[in-house]
């Protein structure tokens with residue numbers, strides 16, 4: 001391991017009842033909001049400060065509580081637990097410089113997950129305060145926490161297998177998954193996914209059923225982006241003007257999840273934007289190009305290692321777009337994977353079938 005590589009550790013967090021305040025602002029405002037929150041929560045506090053970074057400047061400050069606390073500005077909810085990839089950070093309340101350092105540290109964690117083929121959940125990233133520095137007023141130490149995808153993916157796969165394939169097939173396909181964690185060796189993850197897809201292909205003959213099973217394991221499409229695109233569709237009054245607008249859409253938080261949308265007679269074709277866009281653009285090695293396009297850490301590693309996994313797995317990517325287009329069109333849609341990096345292409349291309357429900 002390189003000397004300057006990020007030092008990380010793993011932690012499993014339970015569900016936690018928290019009182020929260022959400023605001024649109026900057027890192028240097030967090031301390032003031034915690035002061036407001038603590039004034040309302042008072043003796044109900046049951047743990048240290050937690051900050052949730054929701055992107056686009058939306059920040060949520062949280063305090064664990066013994067009982068729900070509500071006011072005009074404060075709401076209580078259950079903060080979902082998960083397995084987390086963690087590292088420590090030294091912050092400074094009210095400091096713009098510390099805010100930049102926090103962003104850089106989170107960026108280093110993102111790079112770590114890419115380089116080590118670790119899947120990140122769609123849940124927002126967190127900062128859990130560990131304690132103040134008595135010798136430096138305003139300074140604190142915290143733990144940055146990135147939620148892992150694998151536990152949630154396996155839960156969704158488990159549910160969809162039970163729903164569409166039955167208990168015996170569910171048990172057979174999932175065999176060995178109880179030994180997997182986000183910290184498992186990458187080759188172990190590849191071997192399990194390869195075996196699970198082979199067992200699924202053998203046990204479920206119907207391609208549409210296999211597609212339905214795997215597409216329900218996908219990341220959850222951001223609700224804010226669904227709301228934005230549905231509103232724009234309704235504003236423009238139809239699919240043709242919406243498709244023209246979509247070609248220029250900057251995407252979610254400046255990062256488009258799609259590119260090159262194109263409409264056929266009864267279908268919309270759309271590409272998944274590469275995960276590592278700059279590397280994908282510059283790559284001349286076809287293996288590097290394909291791997292840099294892929295958002296799935298296990299398939300990225302599969303490509304780089306020259307291994308193969310059934311294309312059934314590509315339906316996970318199709319499932320990513322499903323809630324978006326079903327919300328826009330207000331009906332079930334069938335989405336198929338037309339091209340994928342797993343199949344040897346340098347991009348992932350999906351088809352949204354306009355006149356066919358799932």
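Among the residues of the range 219-239, just one is under 16 Å from residue 335 (Cα atoms) and surrounded by fewer than 20 Cβ atoms within 10 Å (Cβ to Cβ), namely 220.
Among the residues of the range 161-172, those that are surrounded by 13 or more Cβ atoms within 10 Å (Cβ to Cβ) and under 24 Å from the mean Cα position of the chain (by Cα) comprise 161, 162.
Does residue 263 satisfy the criteria of being at negative phi, surrounded by fewer than 20 Cβ atoms within 10 Å (Cβ to Cβ) and either in the same structural domain as residue 242 (by TED's automatic domain parsing) or out of contact with any helix residue (DSSP H, G or I) (no Cβ under 7 Å at 6 or more places or on another chain) (or both)? Let's see the steps before the verdict.
On the way: at negative phi: yes; surrounded by fewer than 20 Cβ atoms within 10 Å (Cβ to Cβ): yes; either in the same structural domain as residue 242 (by TED's automatic domain parsing) or out of contact with any helix residue (DSSP H, G or I) (no Cβ under 7 Å at 6 or more places or on another chain) (or both): yes.
Taking the combined requirement at face value, the residue satisfies it.
Residues in the range 209-226 that are touching a residue at least 12 places away in the same chain (Cβ under 8 Å) and out of contact with any helix residue (DSSP H, G or I) (no Cβ under 8 Å at 6 or more places or on another chain): 222, 224.
With respect to residue 17, determine if the residue is assigned to a strand (DSSP E or B), modelled with pLDDT of 95 or more and either more than 27 Å from residue 298 (Cβ to Cβ) or touching a strand residue (DSSP E or B) at 6+ places or on another chain (Cβ under 8 Å) (or both).
Yes: the conditions hold for residue 17.
Could you tell me whether the range 121-131 includes any residue that is out of contact with any strand residue (DSSP E or B) (no Cβ under 9 Å at 6 or more places or on another chain), part of a loop (DSSP other than H, G, I, E, B), surrounded by fewer than 20 Cβ atoms within 10 Å (Cβ to Cβ) and at pLDDT below 95? No: the range 121-131 contains no residue that is out of contact with any strand residue (DSSP E or B) (no Cβ under 9 Å at 6 or more places or on another chain), part of a loop (DSSP other than H, G, I, E, B), surrounded by fewer than 20 Cβ atoms within 10 Å (Cβ to Cβ) and at pLDDT below 95. Could you check the range 21-83 for strands (runs of 3 or more DSSP E) lying wholly inside it with 2 or more residues that are under 22 Å from residue 102 (Cα atoms) and touching a helix residue (DSSP H, G or I) at 6+ places or on another chain (Cβ under 7 Å)? Correct list: 58-64. When residues of the range 64-107 are filtered for being crowded, with 16+ Cβ neighbours inside 10 Å, more than 11 Å from residue 17 (Cα to Cα) and touching a residue at least 24 places away in the same chain (Cβ under 8 Å), how many remain? The number of residues fulfilling the criteria is 17. Confirm whether residue 51 is within 20 Å of residue 87 (Cα to Cα), under 20 Å from the mean Cα position of the chain (by Cα) and touching a residue at least 12 places away in the same chain (Cβ under 8 Å). The answer is yes for residue 51.
What's the total number of residues in the range 316-344 that are surrounded by 16 or more Cβ atoms within 10 Å (Cβ to Cβ) and not in a helix (DSSP H, G or I)? The total comes to 8.
The values are calculated or read from the model by the stated rules, or taken from the named source; none is laboratory data. The shown structure was predicted, so the numbers you read here are calculated from the model rather than taken from an experiment. Quick reminder, even Gly has a Cβ in these numbers, built from the backbone with ideal geometry, and neighbours come from all protein chains shown.
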